[in-house]
1. What nm value, rounded to one decimal, do you get for the distance between residue 62 and residue 74 when each label is placed 7 Å out toward the C-beta?
2. If the viscosity is 1.567 mPa s and the temperature 4 °C, what translational diffusion coefficient in µm²/s does Stokes-Einstein give for the chain when Rh comes from Kirkwood over Cα pairs?
3. Most exposed first by the Cβ proxy, i.e. fewest other Cβ within 10 Å, how do 78, 134, 11, 46 rank?
4. Among 6/115; 6/103; 6/114; 95/135; 73/115; 73/95, which pairs are too far apart, with a Cα-Cα distance over 21 Å?
5. Of 122, 18, 42, which is farthest along the charge dipole of the chain in the positive direction, counting Lys and Arg as +1 and Asp and Glu as -1 at C-beta?
6. So how tilted is helix 121-145 from the main axis of the chain? Cα-based, degrees 0 to 90, rounded to 10.
7. What's the longest bit of the chain with no exposed GluC sites (Glu not before Pro), using DSSP loop states and at most 15 other Cβ atoms within 10 Å as the test?
8. Taking the Cα centre of the chain as origin, work out the dipole magnitude from +1 charges on Lys and Arg Cβ and -1 charges on Asp and Glu Cβ, in debye rounded to 20.
Amino acid sequence: MPTADKRTRARELAMQALCQMDIQGDGALDMLGVFFAENTDNPVIREMADKWSKGAWQAVADCDSLISEAAVKWELSRLNQVDRSILRLGAYQLKYCPDIPAKVVINEAIELAKKFSTESSPGFVNGVLDAIYRKLRMNSDNQCEK
């Protein structure tokens with residue numbers, strides 16, 4: 001399995017884990033290892049999925065704030081759990097994973113939305129994550145000038 005496929009599978013598992021944590025809260029953290037082991041025997045995929053899902057969950061308030069600012073006219077609580085989880089993972093990766101190009105984060109999130117969500121979700125996910133990326137880039141550009 002090529003590395004890109006491993007990252008894609010890890011994103012799928014991380015998004016699904018974030019859905020579970022959205023429902024069960026921190027209690028789901030204890031079961032992540034079992035969930036990942038049941039869904040892949042590849043240790044690289046499990047490690048990436050674990051890192052991304054735990055990282056996004058630890059930064060969930062920050063991610064939700066970014067999403068809320070970017071998703072104009074949408075309340076976070078009214079988004080379906082899949083879209084919310086895709087956006088949380090994308091926002092987390094855009095802000096906290098500088099080793100992953102923004103274009104890859106956004107494209108992968110769109111693919112997750114196509115595979116797991118509604119017909120209108122890919123465009124919505126694209127718009128929200130693009131707005132988050134532009135805001136983060138603008139803020140980092142301003143920090144560089146100081």
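1. If labels sit at residue 62 and residue 74, their model points lie 2.2 nm apart.
2. Taking Rh from Cα pairs, D becomes 85 µm²/s.
3. Going from least to most buried by this count: 78, 134, 46, 11.
4. From the list (6/115; 6/103; 6/114; 95/135; 73/115; 73/95), the Cα-Cα distance tops 21 Å for 73/115; 73/95.
5. Farthest towards the positive end: 122.
6. 60
7. Between exposed loop sites, the widest span is 1-74.
8. With Lys and Arg at +1 and Asp and Glu at -1, about 340 debye.
Computed from the coordinates by the stated procedures, all read-outs in this text should not be read as laboratory data. Keep in mind that what you see is a predicted model, and the values were worked out from it rather than measured. Every residue, glycine among them, receives a Cβ derived from its backbone with ideal geometry; neighbour counts consider all protein chains shown.
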